[in-house]
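The values are calculated or read from the model by the stated rules, or taken from the named source; none is laboratory data. All figures in this text were calculated on a predicted structure; none of them were measured in a lab. As a convention, Cβ positions derive from the backbone with ideal geometry for all residues, glycine included, and neighbour counts pool all protein chains shown. In case anyone asks, the SASA skips ligands and DNA or RNA and just uses the protein heavy atoms, side chains included. Shrake-Rupley method; radii C 1.70, N 1.55, O 1.52, S 1.80 Å.
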Amino acid sequence: MMPSANPDSSDKDSEVFAETDPTGRYGRYTELLGCGAVKKVYRGFDQEEGIEVAWNQVKLRNFCEEPDMVKRLYGEVRLLKNLTNENIIELYSVWTDDEHGTLNFITEVCTSGNLREYRKKHRHVSMKALKKWSRQILKGLNYLHTHEPCIIHRDLNCSNVFVNGNVGQVKIGDLGLAAIVGTNHIAHTILGTPEFMAPELYDEDYTELVDIYSFGMCLLEMVTLEIPYSECDNVAKIYKKVCSGIRPAALNKVKDSEVRDFIEKCLAQPRVRPSADELLKDPFFDELVDDDDDDENAAYVDSY
């Protein structure tokens with residue numbers, strides 16, 4: 001018989017959970033993976049499957065005078081529970097802790113954090129790799145936009161796209177601003193991150209094509225390592241440029257005409273802006289092998 005491990009030795013090295021979910025399956029560590037205006041994301045562990053997870057926690061008492069914010073948070077959770085796509089962050093469990101006044105939900109964790117930080121860390125990335133990431137984002141958007149009913153993300157940017165760097169996989173997350181729209185695919189609320197917001201968002205009359213505009217800005221950031229409209233020092237100046245059709249200065253730094261033309265397609269007026277499905281069929285992606293499994297196996301980072 002094999003000797004058993006020394007429990008005293010292992011206990012000394014193990015971390016203690018700060019809390020567990022009501023079923024005892026999930027545990028939360030104190031390590032923060034991310035912190036936003038609304039929620040904190042901790043490293044967690046699924047004891048049943050033996051995998052790390054993201055434990056998302058919102059202090060509801062902080063928003064007792066903001067019922068709309070709480071409603072939006074519950075909306076994110078309800079959305080995630082019904083979505084199943086390899087390029088959308090998956091939800092495993094959700095519950096409220098009335099004693100501590102928190103909303104908690106467990107999602108899959110992406111090993112390399114968000115795309116903005118990942119891209120900053122790996123500055124030498126081939127255009128082919130950027131195209132692989134871009135195609136996966138578009139696949140996620142196409143899933144949302146063709147969902148019944150249609151779902152508009154409304155706040156797509158590089159900080160809420162997440163990366164599994166070991167396999168080159170990207171996933172869209174943070175659906176807290178998403179809107180479910182009816183068959184006419186029209187929404188009427190101003191929400192989002194100003195640098196990535198399509199001009200029609202400000203007019204409060206828009207469709208899922210606002211996400212395509214935001215995707216174009218994400219690609220611009222991926223290529224230039226610069227947040228769009230960083231030359232503007234306040235939101236009012238960004239708004240004025242966006243509504244006047246003035247492109248961000250970063251676009252002038254894109255020397256590859258194929259890349260620039262593709263970004264311009266995404267930033268076009270809504271009546272001529274292509275859908276996610278149309279963009280996936282664009283010649284821009286012709287160099288990639290047309291195989292869904294290919295995305296899982298690569299996004300090669302050039303060596304320094």
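Residues that are modelled with pLDDT of 95 or more, touching a helix residue (DSSP H, G or I) at 6+ places or on another chain (Cβ under 9 Å) and of a type in the set (Asp, Glu) do not occur anywhere in region 289-298. Is it the case that some residue within region 224-240 is part of a helix (DSSP H, G or I), free of Cβ contacts under 8 Å to residues at least 12 places away in the same chain and of a type outside the set (D, E, K, R)? So far as region 224-240 goes, yes, one or more of its residues are part of a helix (DSSP H, G or I), free of Cβ contacts under 8 Å to residues at least 12 places away in the same chain and of a type outside the set (D, E, K, R). In region 231-245, the count of residues that are crowded, with 18+ Cβ neighbours inside 10 Å and under 22 Å from Leu130 (Cβ atoms) is zero.
What do you reckon, is Ala268 open to solvent by less than 60 Å² (accessible area, probe 1.4 Å), under 23 Å from the mean Cα position of the chain (by Cα), among the small types (Gly, Ala, Ser) and at pLDDT 95 or above? In short, yes.
Candidates are the residues of region 18-35 that are under 16 Å from the mean Cα position of the chain (by Cα) and in contact (Cβ under 8 Å) with a residue 12 or more places away in the chain; the one that is least open to solvent (accessible area, probe 1.4 Å) is Gly34.
Residues are listed down the side, and each one gets a yes or a no for (1) assigned to a helix (DSSP H, G or I); (2) modelled with pLDDT of 95 or more:
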residue	(1), (2)
Leu141	yes, yes
Phe162	no, yes
Ile180	no, no
Glu200	yes, no
Ile212	yes, yes
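Taking region 145-160, which residues are assigned to a helix (DSSP H, G or I) and modelled with pLDDT of 95 or more? Passing the criteria: His145, Cys158.
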